[in-house]
Amino acid sequence: MGFQMLKNMLILFLLSLSVIVGLANPASEDPNINVTSLDEILQIEKGFMTISTEWSPDVQYLLVTCSKSDSPSTNIVKHYLLDTNSHTFGEIDYGVHGPDTNGILQAKWTPSGDKICFEVSGYGPTGPGNCYIFCNSDGTNLRGVGTNYTDLSKILENRGDIGSQRNLKWSPDSSKIAFEWQKPGNASTGVFIANGNGTNAHELSSATYPQPAWYDSGKVFIVTDEGTVDLINESSDLIDTFQPEDKDEKYWGFSLSPDRKKILLVSGLPDSFDLHTYISDTDGSNLKGNVSFYDGDNPEDTNILTKEYWQPNGSLLLVNQNRNLYIVEGNENNKRLLYEGNASEPQWFPDGKKILFVENKNKLYSIDIDGTNLSFITNFGPTPSHSWYNSDKIDRFSIYSISPSGDVIVFASALNPDTGKFYKNETDKILESENDSSKYSSIAAPLFIVNCNGSSLTQVTPTTKGRFDMLRRWRPDGKQFTIESYSLYRTDWEDSLVDLNNQNSSSMWTNMTVTKIIEREDPATVGKAQNSESNSINTSQVTENKETTNKSPSFMFLQLFVCIMGVWLLHKAREQ
């Protein structure tokens, strides 16, 4: 009996030790990961919210667009430039300030990275309009695309006279742009091309929804009102025409492969919302149908070209049809089954050799493009962050995102902050009670990163009740990314900068003019910030309390199991 008691105690000790080990590192905390609020970096005024973040192609700079509601119909907008090497930042000065900035939209980089681009939109004194703007990163050398305006205030005042520009596309060599432009009084929309600085704009063609896309740096595809897809050159000469096989149908849209070797065409009858797609080579050969289908009566099929995914820098096509994955490939554009199941949200690996997808809404897998090496990576839990709260802010984001290097994946999981466990049926019941938002306050959705082989699960943001975190933008080298955090009962949200390798990084940021930032000869030597207090939150220093804990989503029922085993062993010991 004494030996049996000793044996049981030893088993209980080993189980307890396993719990301690599991608790010590359920989802490891990397002290090199640093999460810094953009509001604190920018020392932003109260009421401003981050609308967008955009990394420069050379990875050094980050553009941040912030907005504040000044009245029900007016927003104040600011663009900031951050140098992530020197930890300096400044507001871009366009010569307009306060309510006069109403209508300025998010800032983006041109492909070359030497200029920034943004739109001004909305109603001006002369009516509604939308115009593209190009300028240097410090706001100088500004121009309204296709206009003679070089003063932003004049462009804002004359939006109605300019008309509506949209759907801007860059040529493969980044030297030219193509865009749609509906000028005041015109019923149709013109297709224009211009130089990369917005000058020398001239019209190529017109249609109701032309959807221009560059074939090469001298030719553009457009959709015509007759239902064809035409290829025209810069002189408006017709080079080629794509027509549906069924003469009663029309082409409603198209998509080009990144290498410009294939074209996907959306076809359907004029009076029907049921659509299907064809694929062919861009010279018109090897046309194949039945690539994908869109059911006009299915709400999930409202948007076209949302089931097809081109291989990065290639011409293979991934198709998600009825939750099964297919590959369209080869000279004959043959379609083969890649994976059969309940797949959603597929993504290509950056190298185009493997594919990621979510199975059964909560498990992430990878698979080689030949159908081999199906590998489980991680479990999200049955209710990722974007699905447990009914908000358009969340629907804009994917459940997960792979780094540009293809090494790590960022994802969010819906957790119970008090236990660190996934919700199961409890969350399903919450989804049925959409009108009672108070029930969401018990759910949290922090961000995690995991290697693409499923190893080194690491929690990035703290587990906070009623808050979910989502990735906005990866830095092109994969070393940093920006995130958006949204909390219940608040009308605003918070954005942060995440540094995955913070070993030699300072948490101090210096405010200076953008002109000085871009003219600095040695960005590495920077004076200390005026504010000596650290504005960063290191994930290794987040303390646990009632509202904020930091437990792993993979730590499910281990504690409960050990408790049951302990009670059982003690009971058996008493019986003996």
Excluding ligands, DNA and RNA, the carbon-plus-sulfur percentage of the accessible area of region 76-166 with a 1.4 Å probe reads 43
What does the charge count near Ile402 come to, summing +1 for each Lys or Arg and -1 for each Asp or Glu among other residues with Cβ under 11 Å from its Cβ? -1
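What is the sum of charges, Lys and Arg at +1 and Asp and Glu at -1, for the other residues whose Cβ falls under 11 Å from the Cβ of Gly163? The partial results should precede the final answer.
Values: positive: Arg159, Arg166, Lys183; negative: Asp161, Glu180.
Residues near Gly163 contribute +1 overall.
Give me the 1.4 Å probe accessible area per residue for region 30-153, excluding ligands and nucleic acids, in Å².
Details: 4790 Å² over 124 residues.
Heavy-atom SASA per residue in region 30-153 reads 39 Å².
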Relative to the present Cα-Cα distance, how much length would full extension add between Asp274 and Thr515 at 0.36 nm per residue of separation? 81.4 nm
Could you calculate the contour length gain from Asn373 to Asp151, that is, 0.36 nm times the residue separation minus the distance between their Cα atoms, to one decimal place in nm? 74.2 nm
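Looking at region 30-153, what % of the alpha carbon pairs are farther apart than 27 Å?
On the way: 1471 of 7626 pairs.
For region 30-153, the share of Cα pairs beyond 27 Å comes to 19 percent.
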Tally Lys/Arg at +1 and Asp/Glu at -1 over every other residue whose Cβ is under 15 Å from the Cβ of Ser121; what's the total? -2
Between Asn298 and Asp237, what FRET efficiency follows from the Cβ-Cβ distance if R0 is 30 Å, with the result rounded to 0.05? 0.15
Over region 202-353, with every protein chain in place, what whole percent of the accessible area is carbon and sulfur at 1.4 Å, could you tell me? 44
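Can you tell me how much longer the chain between His202 and Ser285 gets when fully stretched, taken as 0.36 nm per residue apart minus their C-alpha distance, in nm with one decimal? Please list the in-between numbers first.
On the way: separation 83, 0.36 × 83 = 29.88 nm, distance 3.13 nm.
Additional length available on full extension: 26.8 nm.
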Any chance you could check the Cα centroid distance between region 271-300 and region 26-90 for me, in angstrom? 41
Taking a threshold of 20 Å on the Cα-Cα distance, which of the pairs Lys78/Lys465; Lys78/Lys479; Lys169/Lys247; Lys115/Lys169; Lys169/Lys353; Lys169/Lys262 fall above it? Lys78/Lys465; Lys78/Lys479; Lys169/Lys247; Lys169/Lys353
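Which of the GluC sites (Glu not before Pro) found in region 228-270 are in a DSSP loop and have at most 12 neighbouring Cβ atoms, other than their own, within 10 Å?
Values: sites: Glu234, Glu245, Glu249; in loops: Glu234, Glu245, Glu249.
Filter output for region 228-270: Glu245.
The values are calculated or read from the model by the stated rules, or taken from the named source; none is laboratory data. Treat the numbers as computed from the prediction; the structure is a model and nothing was measured. Using ideal geometry, Cβ is built from the backbone for each residue, glycine included, and neighbour counts are taken over all protein chains shown. With ligands, DNA and RNA removed, areas are computed over all heavy atoms of the protein, side chains included. Shrake-Rupley method; radii C 1.70, N 1.55, O 1.52, S 1.80 Å.
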